[in-house]
Amino acid sequence: MTTLTTSAPAQSVARRRNCDRPVWDEPPTAVGQSAKGLTLGIVALLILVPLYCVVVTSISTPHAINKAGGLVLVPDGITFEAYRTMLSGGPVRRSLMVTLGVTLVGTAISMAVSVLCAYGLSRARSLGHRFLLLILVVTMFVSGGLIPTFLVVSELGGYGTYWALILPSAVSVFNIVVLRSFYSTTAAELIDAARMDGVGEWRILWSVVLPTSRAVNAVITLFCAVGYWNTFFSVMLYMQAESEKWPLQYVLYQYVNLGMNMPGQVNSGYGVDGHAQTAPLSLQMAVVVRTLLPITLVFPFLQKRFAKGMLTGAVKG
């Protein structure tokens, strides 16, 4: 009886410890579910409420903005004059075309460099791949500095050109490391079968590695596109005097932070054509909406690949 009494708790503890399901896979408690829901709700409000205020202010009348004393929370009259003024031409339209061009060309160059470098480093028999990988990783923690980079770009003739917004940020070691980790997990049988058919390295990369790595390629492409779309600091370094070459983010900075006026913008009232004039704050928020909209529309299409691409590409094996 004594043996049975003392061994039962030990067997119960051992049974709980040897359970096949880990602790983090246990069904959540009601308190845990409520805490998670409350936390997610607060985070969602912190994100959505400012966006809501920006959108509502961009379509509000000057009277509503003056009445609210700033950002409008409750609509009081709706007008799309801010968007009409913004789309009628001028620096915003030109800067949008500049940003689209820089984003498309920069993303293509960055992905080409990253994919080729990552594939070469992922092949165990490639010449000096360990040494080259070590050099790349070191550059993540030690850089030449801002002034040497500026001097190099200027001496190569990049000052005041669009290439100054593209080439200095075309190589991202983080993206290369993630791609390399993913490419290293490509089934060796597929590559060996391709080599037995007489296929070269270019064809293996194009027909074997890239099709099996769509998730991580989509995620890295999104990273590159967002980085080029948000180009801002490079403009202050290399293109501050070239106003006709400013991208959208720098134009947004000029209007929102420095208070520059767009052509045709006045504070209130009606123009000679009978259209209500645009309030400065309403126009600023319209530019903000236009800046956020493209990336916001693209992200949902890549969201399903985001978790898979990042987790699989970042975990060895």
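Every number in this text was worked out from the coordinates using simple rules, so none of it is lab data. These figures come from a predicted structure and were not determined experimentally. Glycine also receives a Cβ, built like all others from the backbone with ideal geometry; neighbour counts cover every protein chain displayed.
Amide H contacts for S60 (H built 1.01 Å from N in the peptide plane; partners 5 or more residues away or on another chain; cut-off under 5 Å): T79.
Given region 90-260, report the % of alpha carbon pairs whose separation exceeds 26 Å. Value for region 90-260 (Cα pairs over 26 Å): 41 percent.
Across region 285-301, computed HN-Hα scalar couplings (Karplus, 6.51 cos²θ - 1.76 cosθ + 1.60, θ = phi - 60°) run 5, 5, 5, 4, 4, 5, 6, 7, 4, x, 5, 5, 6, 7, 4, x, 6 Hz from first to last residue, x flagging Gly and Pro. Quickly work out the A112-to-T161 label distance, labels modelled 7 Å from Cα along the C-beta direction, and quote it in nm with one decimal. Between T161 and A112, the simple spin-label model gives 1.6 nm.
For the pair R84 and T185, label points projected 7 Å from Cα toward Cβ lie 5.4 nm apart. Computed from label points 7 Å out along Cα-Cβ, the spacing between F174 and M236 is 1.9 nm. With kT/(6 pi eta Rh) evaluated at 20 °C and eta = 1.002 mPa s, and Rh the Kirkwood radius from Cα pairs, region 42-112 diffuses with a coefficient of 146 µm²/s according to Stokes-Einstein.
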